[in-house]
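Trainee: Structure in structure tokens, see below.
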2 protein chains.
Amino acid sequence: MHALPASPSKARAFLDVVRANNNAAAAADAARRFVVGGAVVGRVLEQSADALSRHPEVFSVTDDAVTLRAEAGANASERTVAVARVLDALRAGGSVPMLDGWRDERFAIRASFFAPTELTVERAAAGLFGCPAYGVFVVGYVADESTGVPSHVWVGRRSPTKPTWPGLLDCLAAGGMAAGEMPLEAARKEAAEEAGISADLASNIRPSGGVCYTGLDETGWALKRDVLYTFDLRCPSDFVPRCADGEVASFERLPVDELVRLVRRHADEVQFKPNVAVVYIDFLMRHGFVSPDEDGYLELLAELRRAECL
Amino acid sequence: MHALPASPSKARAFLDVVRANNNAAAAADAARRFVVGGAVVGRVLEQSADALSRHPEVFSVTDDAVTLRAEAGANASERTVAVARVLDALRAGGSVPMLDGWRDERFAIRASFFAPTELTVERAAAGLFGCPAYGVFVVGYVADESTGVPSHVWVGRRSPTKPTWPGLLDCLAAGGMAAGEMPLEAARKEAAEEAGISADLASNIRPSGGVCYTGLDETGWALKRDVLYTFDLRCPSDFVPRCADGEVASFERLPVDELVRLVRRHADEVQFKPNVAVVYIDFLMRHGFVSPDEDGYLELLAELRRAECL
């Protein structure tokens with residue numbers, strides 16, 4: 001008789017999920033620095049450096065660095081124009097897959113959230129430069145009236161026509177931050193736009209911390225050096241979110257036990273947009289649904305913020 | 001006219017508090033490794049290494065390492081006996097200040113929480129070896145009935161006769177973990193012993209994550225490589241804790257705004273046992289009392305877990 005393989009603890013299964021999303025620290029260390037005005041603001045992978053090297057009037061590419069030439073501009077607006085010209089040419093050339101997702105949305109390139117914006121680029125091109133990117137993620141939950149402990153979460157089901165992660169589970173509301181946005185305002189805006197949440201209810205959105213990770217994007221061209229500001233929204237028991245734009249196909253009110261089950265299953269079979277699974281793990285940790293008596297608890301705690309959090 | 005110096009943001013003030021408690025990463029890197037049975041289980045500072053080097057039959061001390069000699073024992077119980085003999089001699093000699101705090105409580109020396117115990121030592125001597133030490137910290141709060149948002153916290157005032165940090169503010173219940181204890185059981189035990197909390201109420205204690213830091217102890221002999229398991233306990237509005245042992249002189253029910261004010265003041269003038277201030281900052285972050293729109297928010301988030309979390 002052989003013993004059946006033991007099922008990993010909840011903490012170990014969650015750790016696998018977080019690690020899978022935070023798997024490119026070594027790639028980021030080895031990547032070329034992206035330097036603008038003397039400041040290191042990003043990390044550029046091989047294929048992206050090759051593409052940028054085709055525009056030597058704007059980018060100097062060496063073994064260690066991709067540097068925006070001083071001639072390309074002395075301030076953010078001049079640099080933005082010079083780089084936009086390169087990105088338009090690369091897009092027209094059709095050889096950079098991530099530029100197919102062009103959105104006409106501005107992304108601020110900066111070394112950290114409160115650092116000065118060195119230039120802005122089209123959001124679809126941000127990954128070329130491997131700069132920190134910021135998002136806001138709102139977890140909506142219903143709590144037991146007497147204990148305040150979450151009993152259910154409202155999860156979104158992504159539209160089957162979304163270009164990224166179609167049909168997978170998402171937060172109540174989430175999104176990347178555009179140039180100039182602040183976290184709390186962005187969270188409230190996403191809640192209104194994606195889940196039809198009233199200004200009154202949105203005023204109850206509360207910051208809860210955040211998670212950071214460095215991952216490799218699906219194309220292999222880009223590092224995702226992401227900082228996700230997390231928020232909790234306790235929803236009234238009779239609240240029902242409303243699909244207010246085309247981002248989400250439906251909302252489901254899951255018992256917390258079912259959320260736990262799905263996050264565990266996600267370790268083997270993708271259920272969630274991957275960074276959303278990480279946000280739910282952080283939520284479950286904060287609200288007492290992972291026991292510190294489980295082996296893996298401390299590694300999980302550390303892994304949620306092991307990446308640079310700039 | 002000169003502008004008045006701007007008051008630092010709440011996040012920046014909190015960051016100062018967390019950093020002051022997490023200030024010995026470089027000292028830990030530079031310290032001698034403590035090696036038992038081939039495993040690195042601790043970090044030994046200069047004065048402690050000198051003291052241990054006076055017992056070369058048990059400890060081999062080089063520039064890089066303090067190694068428990070193989071002759072001292074092949075298993076935990078033999079090693080425990082051999083090291084106890086050294087500690088008794090050092091205590092009798094009177095030259096090691098931390099041994100004045102002898103408590104007759106066993107401390108497990110291990111590389112991480114679930115790693116095998118290599119030996120046990122008297123708790124007062126644990127700092128000599130710089131092994132990870134584990135504690136449980138319970139934050140007791142009262143919440144607004146309708147929103148679930150904390151309105152008050154129950155803080156303890158340490159007895160003026162405690163040998164460490166007399167008269168300062170503490171959690172509702174907290175303590176170091178003895179050899180063999182598990183976190184949840186330890187949190188419930190401390191809640192009963194220190195705050196007279198019933199088994200019924202203690203069953204509502206919920207894990208909330210943890211904070212890690214590497215600090216220098218007051219004597220300069222020891223590194224504190226601490227992992228604090230944190231817990232939240234939502235208390236009924238009519239609950240009043242009871243001083244059940246001599247650890248705490250009194251309990252105070254502070255409005256959360258007052259807690260915030262005291263933690264900010266702590267940056268300049270000590271109000272709390274220092275690691276308790278860090279636990280309250282983590283609590284305030286998780287419950288939405290620090291805005292992500294404040295400069296310093298992400299650094300604060302990272303700093304709470306920057307240390308090894310083993």
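Trainee: Can you work out which of the residues in segment A:47-67 that are in contact (Cβ under 8 Å) with a residue 40 or more places away in the chain and out of contact with any strand residue (DSSP E or B) (no Cβ under 7 Å at 6 or more places or on another chain) is nearest to A:A179 (Cα to Cα)?
Mentor: Within segment A:47-67, the match that is nearest to A:A179 (Cα to Cα) is A:S48.
Trainee: Say whether the condition of being among the charged types (D, E, K, R), surrounded by fewer than 22 Cβ atoms within 10 Å (Cβ to Cβ) and at pLDDT 95 or above is met by at least one residue in segment A:205-215.
Mentor: First, the residues of segment A:205-215 that are among the charged types (D, E, K, R): A:206.
Then keep just the ones that are surrounded by fewer than 22 Cβ atoms within 10 Å (Cβ to Cβ); that gives A:206.
Filter again for at pLDDT 95 or above, leaving A:206.
Looking for residues that are among the charged types (D, E, K, R), surrounded by fewer than 22 Cβ atoms within 10 Å (Cβ to Cβ) and at pLDDT 95 or above, one finds at least one in segment A:205-215, hence yes.
Trainee: May I pose another question? Could you say whether any residue in segment B:175-189 is touching a Leu at 6+ places or on another chain (Cβ under 8 Å), crowded, with 24+ Cβ neighbours inside 10 Å and either touching a residue at least 40 places away in the same chain (Cβ under 8 Å) or not basic (K, R) (or both)? Walk me through it before giving the result.
Mentor: In the first step, residues of segment B:175-189 are kept if they are touching a Leu at 6+ places or on another chain (Cβ under 8 Å); the result is none.
No.
Trainee: Still on this model: Considering only residues of segment B:159-188 that are touching a helix residue (DSSP H, G or I) at 6+ places or on another chain (Cβ under 9 Å) and of a type outside the set (A, V, I, L, M, F, W, C), which is farthest from B:S250 (Cα to Cα)?
Mentor: Checked segment B:159-188; the qualifying residue farthest from B:S250 (Cα to Cα) is B:E181.
Trainee: Which numbered condition in (1) assigned by TED's automatic domain parsing to the domain that holds A:A70; (2) touching a residue at least 60 places away in the same chain (Cβ under 8 Å); (3) among the hydrophobic types (A, V, I, L, M, F, W, C) is the only one that A:F114 fails?
Mentor: (2)
Trainee: Here's a follow-up. Here are the criteria: (1) modelled with pLDDT of 95 or more; (2) of a type in the set (A, V, I, L, M); (3) touching a strand residue (DSSP E or B) at 6+ places or on another chain (Cβ under 7 Å). Tell me which single one B:A111 does not satisfy.
Mentor: Result: B:A111 fails condition (1) only.
Trainee: Residues being small (G, A, S), buried (at least 19 other Cβ atoms within 10 Å of the Cβ) and assigned to a strand (DSSP E or B): count how many of those fall in segment A:31-42.
Mentor: Here is the first cut: in segment A:31-42, the residues small (G, A, S) are A:31, A:37-39, A:42.
Still in the running and buried (at least 19 other Cβ atoms within 10 Å of the Cβ): A:31, A:42.
Within this subset, residues satisfying the condition of being assigned to a strand (DSSP E or B) are A:42.
Looking only at that region, the number is 1.
Trainee: Could we say that A:A3 is small (G, A, S) and either in contact with a Ser or Thr (Cβ under 7 Å, 6 or more places away or on another chain) or modelled with pLDDT of 95 or more (or both) here? So that I can check it myself, show each step before the final result.
Mentor: Working: small (G, A, S): yes; either in contact with a Ser or Thr (Cβ under 7 Å, 6 or more places away or on another chain) or modelled with pLDDT of 95 or more (or both): no.
The answer is no for A:A3.
Trainee: Output the qualifying pairs, or none if there are none: Cβ atoms under 6 angstrom, residues six or more apart or on different chains, first residue in segment B:68-96 and modelled with pLDDT of 95 or more, second residue of a type in the set (S, T, N, Q) and crowded, with 19+ Cβ neighbours inside 10 Å.
Mentor: From residues that are modelled with pLDDT of 95 or more, the pairs are B:T80/B:T120.
Trainee: Quick check: anything in segment B:262-269 within 14 Å of chain A (Cβ to nearest Cβ) and among the hydrophobic types (A, V, I, L, M, F, W, C)? Lay out the reasoning, then the answer.
Mentor: To start, the set of residues in segment B:262-269 that are within 14 Å of chain A (Cβ to nearest Cβ) comprises none.
No, segment B:262-269 contains no residue that is within 14 Å of chain A (Cβ to nearest Cβ) and among the hydrophobic types (A, V, I, L, M, F, W, C).
Trainee: Kindly evaluate B:A111 against the criterion of being within 14 Å of another protein chain (Cβ to nearest Cβ) and either farther than 23 Å from B:E218 by Cβ or not small (G, A, S) (or both). Spell out how you get there, then give the answer.
Mentor: Working: within 14 Å of another protein chain (Cβ to nearest Cβ): yes; either farther than 23 Å from B:E218 by Cβ or not small (G, A, S) (or both): yes.
Considered against the rule, which asks whether it is within 14 Å of another protein chain (Cβ to nearest Cβ) and either farther than 23 Å from B:E218 by Cβ or not small (G, A, S) (or both), B:A111 comes out as yes.
Trainee: Identify all residues within segment A:11-30 that are outside any helix (DSSP H, G or I) and surrounded by fewer than 21 Cβ atoms within 10 Å (Cβ to Cβ); write none if there are none. Show your work before the answer.
Mentor: Of the residues in segment A:11-30, the ones outside any helix (DSSP H, G or I) are A:22-24.
Answer for segment A:11-30, where residues must be outside any helix (DSSP H, G or I) and surrounded by fewer than 21 Cβ atoms within 10 Å (Cβ to Cβ): just A:N23.
Trainee: Could you check segment B:144-166 and list, in sequence order, the residues that are more than 14 Å from every other protein chain (Cβ to nearest Cβ), touching a residue at least 12 places away in the same chain (Cβ under 8 Å), part of a loop (DSSP other than H, G, I, E, B) and farther than 21 Å from B:V227 by Cβ?
Mentor: B:S159, B:P160, B:T161, B:K162, B:P163
Trainee: Inside segment B:204-248, can you point out the residues that are of a type in the set (K, R) and either under 17 Å from the mean Cα position of the chain (by Cα) or more than 14 Å from chain A (Cβ to nearest Cβ) (or both)?
Mentor: If we filter segment B:204-248 for residues that are of a type in the set (K, R), which is where we start, we get B:206, B:224-225, B:234, B:242.
Within segment B:204-248, B:K224, B:R225, B:R242 qualify.
Trainee: Can you tell me which of A:K189, A:K224 is in contact with a Gly (Cβ under 9 Å, 6 or more places away or on another chain) and farther than 30 Å from A:R32 by Cβ? Lay out the reasoning, then the answer.
Mentor: Working: A:K224 fails: farther than 30 Å from A:R32 by Cβ.
Among A:K189, A:K224, only A:K189 is in contact with a Gly (Cβ under 9 Å, 6 or more places away or on another chain) and farther than 30 Å from A:R32 by Cβ.
Trainee: Please work out which one of (1) out of contact with any helix residue (DSSP H, G or I) (no Cβ under 9 Å at 6 or more places or on another chain); (2) not aliphatic (A, V, I, L, M); (3) not in a strand (DSSP E or B) is the condition B:N275 fails and give its number.
Mentor: That leaves (1) as the condition not met.
Trainee: Right, here's the next one. I'm trying to understand the selection: among the residues of segment A:177-192, which are more than 9 Å from every other protein chain (Cβ to nearest Cβ) and either modelled with pLDDT under 95 or part of a loop (DSSP other than H, G, I, E, B) (or both)? Break it down stepwise before answering.
Mentor: Quick first cut of segment A:177-192, residues more than 9 Å from every other protein chain (Cβ to nearest Cβ) only: A:177-181, A:186, A:188-192.
Across segment A:177-192, the qualifying residues are A:M177, A:A178, A:A179, A:G180, A:E181.
Trainee: Follow-up question, since we're still on this one. Go through segment B:43-137 and tell me which helices (runs of 4 or more DSSP H), entirely inside it, have 1 or more residues that are surrounded by fewer than 18 Cβ atoms within 10 Å (Cβ to Cβ).
Mentor: Details: elements: B:46-53, B:76-93, B:126-129.
Output list reads B:46-53, B:76-93.
Trainee: Could you run through segment B:193-235 and say how many residues are in a loop (DSSP other than H, G, I, E, B) and touching a residue at least 60 places away in the same chain (Cβ under 8 Å)? Working first, answer last.
Mentor: First, pick out the residues of segment B:193-235 that are in a loop (DSSP other than H, G, I, E, B): B:196-198, B:203-205, B:217-222, B:235.
Applying the additional criterion that residues be touching a residue at least 60 places away in the same chain (Cβ under 8 Å) yields B:205, B:217, B:219-222, B:235.
Within segment B:193-235, residues that are in a loop (DSSP other than H, G, I, E, B) and touching a residue at least 60 places away in the same chain (Cβ under 8 Å) number 7.
Trainee: Kindly list the number of the only condition in (1) out of contact with any strand residue (DSSP E or B) (no Cβ under 9 Å at 6 or more places or on another chain); (2) closer than 16 Å to A:E122 by Cα that fails for A:A70.
Mentor: (2) is the only condition that A:A70 fails.
Trainee: For segment B:220-261, name all the residues that are of a type in the set (A, V, I, L, M) and in contact with a strand residue (DSSP E or B) (Cβ under 8 Å, 6 or more places away or on another chain). Even if it seems obvious, please write down each step before you answer.
Mentor: Just the residues of segment B:220-261 that are of a type in the set (A, V, I, L, M), to begin with: B:222-223, B:227-228, B:233, B:240, B:244, B:248-249, B:254, B:256, B:259-260.
Scanning segment B:220-261 gives B:A222, B:L223, B:V227, B:L228, B:L233, B:V240, B:V248, B:A249, B:L254, B:V256, B:L259.
Trainee: On to the next question. Yes or no: segment A:293-304 includes at least one residue that is within 10 Å of chain B (Cβ to nearest Cβ), crowded, with 21+ Cβ neighbours inside 10 Å, touching a Pro at 6+ places or on another chain (Cβ under 7 Å) and modelled with pLDDT of 95 or more.
Mentor: no
The values are calculated or read from the model by the stated rules, or taken from the named source; none is laboratory data. Since we're looking at a predicted model, the values are computed, not measured. Every residue, glycine among them, receives a Cβ derived from its backbone with ideal geometry; neighbour counts consider all protein chains shown.
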